[in-house]
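Following: one structure in structure tokens, then a few remarks.
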Amino acid sequence: MGGSGSRSKGFWPFSGSVSVEDPTKDGNEQPLARVRSFRGATPWVFTRRSSLFFDEDGDLAHEFYEETIVTKNGRKRAKLKRIQKNLTPQGIIKLDHPCIHVDFPVVLCEA
């Protein structure tokens, strides 16, 4: 499926190659992973973008709902209406424990 990938078109922090003696030159072995340089990039992630929002009152949550009263056939009924306007994203938050970047190209554990 698809010979063109998005990696070749953009900048990836873990891309690039290092000139190291290749054990596959004799043709006997297959490489398990290519050795790559990191050019100052670290495999650790210390921050991430939050999925939480602030509303007008300063409350913090993933979603906000407002209770509305609907009258149908003479009966009053309460419905929840989702609020999507006037919400401010929380922004970048610091992680408690650093995580490994998803594009880190090295096998960490071999079974």
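Values quoted throughout were computed directly from the atomic coordinates according to the rules given, and no laboratory measurement underlies them. What you are looking at is a predicted structure, and each value in this text was computed from that prediction instead of being measured. Quick reminder, even Gly has a Cβ in these numbers, built from the backbone with ideal geometry, and neighbours come from all protein chains shown.
May I ask you to derive the FRET efficiency for residue 66 and residue 90 from their Cβ-Cβ distance with R0 = 22 Å, giving the value to the nearest 0.05?
0.60
In terms of the mean number of neighbouring beta-carbon atoms within 10 Å, the peptides 72-80, 93-101 order highest first as 93-101, 72-80.
Starting from 0.36 nm per residue, how many nanometres of slack lie between residue 101 and residue 83 once their C-alpha separation is accounted for? Walk me through the intermediate numbers first.
Details: separation 18, 0.36 × 18 = 6.48 nm, distance 3.36 nm.
That pair, residue 101 and residue 83, stretches by 3.1 nm at full extension.
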